[in-house]
6 protein chains.
Amino acid sequence: MDPKTGLTHFDEQGQAIMVDVSGKQETFRTAIATGRIAVNQAVYTAIEQGTARKGDVLGVARVAAIMAAKATSSVIPLCHPLPIAKCSVDFELLPDECAVKATATVKVTGQTGVEMEALHAVSVALLTIYDMCKAIDKRMEIQQIHLDRKSGGKSGEFVR
Amino acid sequence: MDPKTGLTHFDEQGQAIMVDVSGKQETFRTAIATGRIAVNQAVYTAIEQGTARKGDVLGVARVAAIMAAKATSSVIPLCHPLPIAKCSVDFELLPDECAVKATATVKVTGQTGVEMEALHAVSVALLTIYDMCKAIDKRMEIQQIHLDRKSGGKSGEFVR
Amino acid sequence: MDPKTGLTHFDEQGQAIMVDVSGKQETFRTAIATGRIAVNQAVYTAIEQGTARKGDVLGVARVAAIMAAKATSSVIPLCHPLPIAKCSVDFELLPDECAVKATATVKVTGQTGVEMEALHAVSVALLTIYDMCKAIDKRMEIQQIHLDRKSGGKSGEFVR
Amino acid sequence: MDPKTGLTHFDEQGQAIMVDVSGKQETFRTAIATGRIAVNQAVYTAIEQGTARKGDVLGVARVAAIMAAKATSSVIPLCHPLPIAKCSVDFELLPDECAVKATATVKVTGQTGVEMEALHAVSVALLTIYDMCKAIDKRMEIQQIHLDRKSGGKSGEFVR
Amino acid sequence: MDPKTGLTHFDEQGQAIMVDVSGKQETFRTAIATGRIAVNQAVYTAIEQGTARKGDVLGVARVAAIMAAKATSSVIPLCHPLPIAKCSVDFELLPDECAVKATATVKVTGQTGVEMEALHAVSVALLTIYDMCKAIDKRMEIQQIHLDRKSGGKSGEFVR
Amino acid sequence: MDPKTGLTHFDEQGQAIMVDVSGKQETFRTAIATGRIAVNQAVYTAIEQGTARKGDVLGVARVAAIMAAKATSSVIPLCHPLPIAKCSVDFELLPDECAVKATATVKVTGQTGVEMEALHAVSVALLTIYDMCKAIDKRMEIQQIHLDRKSGGKSGEFVR
């Protein structure tokens, strides 16, 4: 950690490093992240209908998100590789807001937490929805991606 | 395209497909996407100072974002592989909002556009900032990821 | 090509090489590959019901297959990277054989064909079905993966 | 697990999930999978001769297969990442059938089994043989990919 | 390009960017890179014998190198994705120096050169030799990795 | 291990295999590797100035190297996947030699060592420096990549 800033991913010379977790215990850790994508009415309807029919935008987004959770340490430079033990992705249609909310839950028994895995999964879920619907609405916006809660490890429980 | 919904990534049986772009001309296409991450004051200061000193959060985020732009078709299921010709990522500090704004500009000469590459780059830039600062602030939120503009291809120019 | 064996992926010293396609014209090429997986009755029913309900084994297998088509040159050592222009994956239930048949169609405008992309997509589609159903039937068998047809390039049309 | 179908990769709403293995013990697990590729006489001879000379089709296929075993969780959507402890790939020439048989043996100490790693390795071995010989025979067929045996974990020993 | 330093991978603010090659013509480009690994006598003998027998260190290294050439833009941050048209890797035993020399030749028709693909292939070839022989000699050293020659593109021919 | 040559990555038939580490204890292991790149004066100055200004060649090289350490088992065929616990990359300017030295330190608690991770990280750090400076000097040379020291595991401590 760089004492001047409190940033853990930098050493005292300010150089980027992977935090040394070799001395840490392997414990059970979990993280839940959410985010949403605001869409227009045509897209909202297409997604809503897709969940009943074959054109399953959310089904494709879910698969992409789970694969992304596993790939997180290949994408985020200073993230540690982790043997993800569980990953589920849920979607909630928000008709009043004409939006879709994504929630990713990730669990591992490891030396460090899975917050980035959960956040990355949510991001990719929403990006996939965008990709599949962009022919209808280029003005979609991904919003409010944040960590809802995490547990395990030295910093213990966190609820936003 | 599925005529009932207008979604292009599904055929008439509603099955997910990669859109057939083999008949399309290779033309010059560009896309610009933006997004931001809202942080607390301690993180804002650490990032701001980092741009002057060695602890360069934004420098690491920029590299991750450019690499992510290139990897987009491996992450978003129905995206086409594209030989990205250019990618740049810019950051803007927003002191009044205690936030950092990321902008990704991508160019290609190809059969389809680079909107997903730009959006994915922005997402990974912001996720990387989150990863590097999460020890100080777990409440950060990624917001307003959207396509600013695109040009080229059949649908031509789009400005949000 | 090694003249003694006729194998193109080896030079005259018999060393493995990527075939030099730099002198070849970029033309339109397509390939269709099929294969099947033989399953027990319980799995067959679960898959069949899944295509009507939310538990969509084939939907997940389709996404995995399309992503695999794009990743082929990273998996098969001497394959050339290709900008896949189109990929679709279809499934057919074969009740008399208690099996599921997968068909992958791939298109590109490039200097070499997409037979491996189509075959790899079929393989991964069937492997994914296996993964999702193996709790019910460990005796499943993947069979008859072959190239159905291809067109384009110097060797022109091939129909099995 | 979805109680209606018995499929473990779906929850009760039928949504695809990575099975939660966080509560499982890390035990020693092994899996052996086999498959074959039927070829014409010219290809059979080229492969047979290659195992004595420099043009080593099977050598290249072996390397591809081992690398594929390690990459399995990046290819099969709901597969768990596993720290593969051992992987070997053997080939057997079957002159009467004019075919080549591939066997992959994989071992790990982990929370879940390595059946998919072994099956994926066999698939890629056979696909690589196809790729290296397709200039001579486009009619080759990959057949009989199945799990031979596995041990370890809650379901214990399985022999086909 | 940053005018103050002449570095092309930085813009005027000194920020890292992928060079914009969208305006460049697609031309035929080639690059040849070499390097060597110095080993002890026991390793030299094992490699030399391997080229005659089944234990083919160089064969495995060759496959790894060709795959690495294709993966270069995923490893080197500001490298452009390129559809590699040809890649071959040759080894030369240097008995007087107790070393092995690797040469990678790469070709493409594209908007930018393949120097990094050739250098990366050589690096991975030598790293693979190290990996396969390190049980016998931990003191091996990789040396003299450089670009031998390149042709094509605006800067034309270069011979070291 | 092949008893005739002492090479561990081959079995008795001389076939390449991943060494079976399933019986080995998980212990703490570390490895340090170094290498250098010789450059001309203009490049040396650009790098030296970059460490003070925004144009940070070494910063980009560091990120690439850390990401490469994590990707090692995907690049080196017979390497085992390892959950890297720590990775740092340091650079030292050598004015008398007009060169830059890179040092990678990697740690893990696992069944096998991290020598290849450290060597691969150094190699990619130097390749990235080459990529970023090649417009100024095509004659750069990567040299002296070797393992400095390792500890842990059955072979214990090694210092070059």
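Among C:Arg139, E:Arg149, F:Arg62, what's the order by accessible area (1.4 angstrom probe), most exposed first?
C:Arg139, E:Arg149, F:Arg62
Using 29 Å as the Cα-Cα cut-off, could you pick out the over-long pairs in C:Lys134/E:Lys134; A:Lys154/D:Lys70; C:Lys101/D:Lys4; C:Lys86/E:Lys24; A:Lys86/D:Lys4?
C:Lys134/E:Lys134; A:Lys154/D:Lys70
Report the residue, chosen from A:Leu147, A:Leu93, A:Leu127, that carries the largest GNM mean-square fluctuation when chain A is represented by alpha-carbon nodes joined by springs under 10 Å.
A:Leu93
What translational D, rounded to a whole number of µm²/s, comes out for the range A:100-143 from Stokes-Einstein when the hydrodynamic radius is the Kirkwood one over Cα pairs, at 4 °C and 1.567 mPa s?
This corresponds to a translational diffusion coefficient of 109 µm²/s.
Determine Rg/Rh for the range F:55-130; Rg is computed over alpha-carbon atoms and Rh is the Kirkwood hydrodynamic estimate from the same atoms.
The Rg/Rh ratio comes out at 1.01.
Roughly how many Å² of B:Arg29 are accessible to a 1.4 Å probe, to the nearest 10?
10 Å²
Heavy-atom accessible surface, probe 1.4 Å, ligands and DNA/RNA ignored: which residues of the range A:104-124 lose at least 50 Å² versus the isolated chain?
Buried by the other chains: A:Met116.
Closest to the F-onto-D rotation axis, which residue of chain F has its Cβ, and how many Å off the axis is it?
Residue and rounded Å distance to the axis: F:Pro83, 4.
With every protein chain in place, what's the accessible area of A:His80 (1.4 Å probe, Å², nearest 10)?
20 Å²
At a probe radius of 1.4 Å, figure out the E/F buried accessible area, summed over both chains, and give it in Å² to the nearest 100.
In total, chains E and F hide about 4700 Å² from solvent.
Across the range E:115-132, in residue order, what do the Karplus-derived ³J(HN,Hα) couplings come to in whole Hz, using 6.51 cos²θ - 1.76 cosθ + 1.60 with θ = phi - 60° and x for Gly and Pro?
My calculation for the range E:115-132 gives 4, 5, 4, 5, 5, 5, 4, 4, 4, 6, 4, 6, 4, 5, 4, 4, 4, 7 Hz in order.
Leaving out ligands and nucleic acids, note down the accessible area per residue over the protein assembly as shown with a 1.4 angstrom probe, in whole Å².
33 Å²
From the backbone phi of the range E:136-149, what are the Karplus-calculated ³J(HN,Hα) couplings (6.51 cos²θ - 1.76 cosθ + 1.60, θ = phi - 60°) in whole Hz, Gly and Pro given as x?
Per-residue couplings from phi come out as 9, 8, 7, 9, 4, 9, 8, 9, 6, 7, 8, 7, 7, 7 Hz.
Springs between alpha-carbon atoms under 10 Å, Gaussian network over chain E: tell me which of E:Lys70, E:Lys101, E:Lys24 tops the mean-square fluctuations.
E:Lys24
Can you compute the helix-only [θ] at 222 nm over chain F? Use -39500 (n - 2.57) per DSSP H run of at least 4 residues, normalise by all residues, nearest 500 deg cm²/dmol.
That comes out to -10000 deg cm²/dmol.
Give me the residues in the range A:1-41 whose solvent-accessible area, probe 1.4 Å, is reduced by at least 40 Å² once all protein chains are included instead of the chain isolated.
A:Thr5, A:Leu7, A:His9, A:Phe10, A:Gln15, A:Ala16, A:Met18, A:Asp20, A:Ser22
For chain D, with all protein chains present and a 1.4 Å probe, just round the carbon and sulfur fraction of the accessible area to a whole percent.
The nonpolar share, carbon plus sulfur, comes to 47 percent.
How many nanometers, to one decimal and shortest first, lie between the label point of F:Leu93 and those of its other copies, if labels sit 7 Å from Cα toward Cβ?
In nanometres, ordered from closest: 2.5, 4.5, 6.1, 6.1, 7.0.
Quantify how strongly other chains surround peptide D:95-101 by giving the mean number of their Cβ atoms within 10 Å of each of its Cβ atoms.
0
Where the Cα atoms of the protein assembly as shown are projected onto their three principal axes, how long is each span, largest first, in whole Å?
Dimensions of the protein assembly as shown along the principal axes of its Cα atoms: 78, 70, 55 Å.
For peptide A:140-149, how many partner chain Cβ atoms fall within 10 Å of a residue's Cβ, on average?
Mean partner-chain Cβ count within 10 Å for A:140-149: 6.
Say a label goes 7 Å from Cα toward Cβ at B:Gln13 in every copy; what distances in nm does this one have to the rest, shortest first?
From this label point to the equivalent ones elsewhere in the assembly: 2.7, 4.2, 5.0, 5.0, 6.0 nm.
Using only the heavy atoms of the protein chains and a 1.4 Å probe, how would A:Ser123, B:Ser151 rank by accessible area, largest first?
B:Ser151, A:Ser123
Relative to 2.2 N^0.38 Å, what does the C-alpha radius of gyration of the range A:10-75 come to as a ratio? Two decimals please.
Rounded to two decimals, the normalised Rg is 1.79.
What does the copy distance list look like for A:Gln41, label position 7 Å along Cα→Cβ, in nm and ordered from shortest?
The answer, with the shortest distance listed first, is 4.5, 5.1, 7.2, 7.2, 8.7 nm.
Find the all-direction average of the projected area of the Cα convex hull for chain B, expressing the result in square nanometres with one decimal place.
Mean projected area for chain B: 10.7 nm², to one decimal.
So which aspartates and glutamates pass the test for C:Lys107, namely a Cα distance under 18 Å, with those fewer than 8 places away in the same chain ruled out?
Counting by Cα, and skipping residues close in sequence, C:Lys107 has these aspartates and glutamates nearby: B:Asp11, B:Asp20, B:Glu26, C:Glu26, C:Asp90, C:Glu115, C:Glu117, C:Asp148, C:Glu157, D:Asp131.
The values are calculated or read from the model by the stated rules, or taken from the named source; none is laboratory data. Fair warning: this is a prediction, and the values are worked out from it, not measured in the lab. Counting neighbours? That spans all protein chains shown, and the Cβs are built from the backbone with ideal geometry, glycine included. Areas reflect the complete protein model, heavy atoms only, side chains present, ligands, DNA and RNA absent. Shrake-Rupley method; radii C 1.70, N 1.55, O 1.52, S 1.80 Å.
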